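Since every read-out is calculated from the coordinates, none of them should be taken as a lab result. The structure displayed is predicted, hence computed values, not measured ones. Cβ atoms come from the backbone with ideal geometry, glycine included; neighbour counts cover every protein chain shown.
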Amino acid sequence: MPGIDRELFYWINHWPEGLQPFFWFWSEAIKLTPTRVALLLLVMLLLTRKPWRPMVLIALVAFPLANELTDILKAVVQMPRPSVDFPGAIVRNVRLTSFGTASAHSANMAAVATSFFMLGGWRWGVPWVVVAFLTGLSRIYNGAHYPSQVLLGWLCGIAVSASLVWLYRRFLGPKAAIPVESTAAD
C-alpha cells in the first residue's frame, strides 16, 4: 500500500500549477470571512424549515466530532505528512509538520455530506459528496496529505455522522428515517 499511496500522491500532487487556485479554494476557503458568512446564512436558512433541521443539526454536531476523531488518531497513530517525509512533494500552502494520519478537512466535509445524504436524500447529499471529494483531493494536490490519509479522514467523517443519524433514527422512530425530499413542507 505505501508504494501505491506515494505513487497516487505524486501523480495528483504534480498536476499542473494552473489548478492551484481551484484546489486552494477547496482546501482553504473555509478560513475566509465571506465563506464563513455564506455558510452561516445557509445554516440559518436551512434551520427555518422543520424537515431540514435534523440533517443540519446532525451535520453541526458531526463536524467537530469528526475533527476531534482525526486529532485523536493523529496523536495515537503518528503518520507523517508528505511534506515531511516525501522529498518529491510540492507544498502549495503552509508546510505542515504535524502528523497527518487522517485528514480533518476531509473528515469534516464527509461528516456534513453523510448527514445531508442520509437525512436529505440524494438531492441534498450529492452536492456535499462533491464538496467532500474536492476537499480531499485538494489536500493531496496541495501536499498536505497522502491519499490514504484523506481516505481515513473520509471514513472518520462518515462513521461519526452515520452513527449520529443512527442514534437519531433509533430514538425518534421510523418517522425520522423519511428523507427530506419526500416530506411535506411545514
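Under a 5 Å amide H to amide H cut-off, with H placed in plane at 1.01 Å, what residues pair with Trp15 once short-range neighbours are removed?
Long-range HN contacts for Trp15: none found.
On each of the three principal axes of the Cα atoms of the range 88-136, give max minus min coordinate, whole Å, ordered largest first.
Computed over the Cα atoms, the extents are 40, 17, 15 Å.
How much length would be gained if the chain were fully extended between Ile90 and Tyr10, taking 0.36 nm per residue of separation minus their Cα-Cα distance, in nm to one decimal?
27.9 nm
Gap in Å between the Cα centre of the range 155-170 and the Cα centre of the range 42-93?
14
Would you grab the residues whose amide H sits under 5 Å from the one on Met79? Only those 5+ places off in sequence or on another chain, please, with H modelled 1.01 Å from N.
Correct list: Gly100, Thr101.
With θ set to phi - 60°, apply the Karplus curve 6.51 cos²θ - 1.76 cosθ + 1.60 along the range 119-125 and write out the HN-Hα couplings as whole Hz, x wherever there is a Gly or Pro.
Those phi angles translate into 9, x, x, 5, 5, 8, x Hz.
When the chain is fully extended, how far beyond the present Cα-Cα distance does Leu167 get from Val37, taking 0.36 nm per residue of separation? Each step should come with its number before you reach the end.
On the way: separation 130, 0.36 × 130 = 46.80 nm, distance 3.00 nm.
Working it through step by step, the gained length comes to 43.8 nm.
Which whole-Hz couplings ³J(HN,Hα) result when phi for each residue of the range 31-42 is put into the Karplus expression 6.51 cos²θ - 1.76 cosθ + 1.60, θ = phi - 60°, listed in order with x for Gly and Pro?
7, 8, 4, x, 5, 5, 5, 4, 5, 4, 5, 4
Determine, for Tyr10, Tyr168, Tyr146, the number of other Cβ atoms within 10 Å of each Cβ, and report the residues in order from fewest to most.
Listed from fewest to most nearby Cβ atoms, that is Tyr10, Tyr168, Tyr146.
Could you derive backbone 3J(HN,Hα) for the range 67-73 from the dihedral phi with the Karplus parameters 6.51, -1.76 and 1.60 (θ = phi - 60°), listing whole Hz in sequence and x where the residue is Gly or Pro?
4, 5, 4, 5, 5, 5, 4
Fewest Cβ neighbours within 10 Å first, please rank Phe23, Phe171 accordingly.
Fewest-to-most Cβ neighbours within 10 Å comes out as Phe171, Phe23.
Please rank Trp154, Trp24, Trp11, Trp52, fewest neighbouring Cβ atoms within 10 Å first, as an exposure proxy.
Lowest to highest Cβ neighbour count: Trp11, Trp24, Trp52, Trp154.
Rg/Rh for the chain: what does it come to with C-alpha atoms and Rh from Kirkwood? Intermediate results must be reported in sequence, preceding the final value.
Details: Rg = 17.4 Å, Rh = 17.1 Å.
Value, to two decimals: 1.02.
Run the paramagnetic zone check for Glu28: 7 angstrom along Cα to Cβ, then residues of the range 141-160 with backbone nitrogen under 13 Å.
What the label zone holds, given the 13 Å backbone N cut-off, is 142-144.
Mean-square fluctuation check for the chain, GNM, Cα pairs under 10 Å: which of Pro64, Pro82, Pro21 is largest?
It is Pro21.
Could you work out the local net charge near Pro87, counting Lys and Arg as +1, Asp and Glu as -1, over the other residues with Cβ closer than 14 Å to its Cβ?
Once all neighbours under 14 Å are counted, the net charge is +2.
Under 8 Å for C-alpha pairs, at least 6 residues apart: give me the relative contact order for the range 2-179, rounded to a whole percent.
29
Between exposed trypsin sites (Lys or Arg not before Pro) in the chain, where DSSP calls loop and at most 15 other Cβ atoms lie within 10 Å, what's the longest gap?
After excluding every exposed loop site, the longest remaining stretch is 96-186.
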